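The values are calculated or read from the model by the stated rules, or taken from the named source; none is laboratory data. This is a predicted model, so every value here is computed, not measured. Cβ placement follows ideal geometry from the backbone for every residue including glycine, while neighbour counts extend to all protein chains displayed. When the accessible area is computed, the model is the full protein with side chains, heavy atoms only, and any ligands, DNA or RNA have been set aside. Shrake-Rupley method; radii C 1.70, N 1.55, O 1.52, S 1.80 Å.
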Amino acid sequence: MTSMETLHERLLKRGDKPDGWTFQQVVKCVEAFHGARFEEYIQTDDQTTDDVVNVIISKVK
């Protein structure tokens with residue numbers, strides 16, 4: 001899980017354009033991941049990719 005603000009920052013950091021397709025998909029994607037289908041959430045704001053990977057690995061073990 002992450003905020004739309006963080007998603008926008010990440011998209012900009014990787015070079016995506018604010019008027020591009022990826023920015024247009026953010027609302028739809030954020031809403032899709034809030035459903036009951038996803039049992040456990042990992043808050044990813046202010047975490048590195050390695051931090052998130054380590055959380056997932058610890059949950060799988």
>> Can you tell me the length gained on complete extension of the stretch residue 21 to residue 1, counting 0.36 nm per residue apart and subtracting the Cα distance?
In response: 5.2 nm
>> Loop-only GluC sites (Glu not before Pro) in the chain, please: DSSP not H, G, I, E or B, and at most 14 other Cβ atoms within 10 Å.
In response: 39, 40
>> With every protein chain kept in place and ligands, DNA and RNA left out, what is the accessible area per residue of the chain? Probe 1.4 Å, answer in Å².
In response: 83
>> List the trypsin sites (Lys or Arg not before Pro) within the stretch 1-41 that DSSP assigns to loop and that have no more than 15 neighbouring Cβ atoms inside 10 Å.
In response: 14, 37
>> Please list, by residue number, every one of the chymotrypsin sites (Phe, Trp or Tyr not before Pro) in the stretch 15-61 that is coil in DSSP and has at most 13 other beta-carbon atoms within 10 Å.
In response: 33, 38, 41
> Which lysines have a Cα less than 26 Å from the Cα of residue 13, not counting those fewer than 8 places away in the same chain?
Replying inline: 28
> So which aspartates and glutamates pass the test for residue 17, namely a Cα distance under 15 Å, with those fewer than 8 places away in the same chain ruled out?
Replying inline: 5, 9
> Tell me, what % of the accessible area of the chain is carbon and sulfur with a 1.4 angstrom probe?
Replying inline: 57
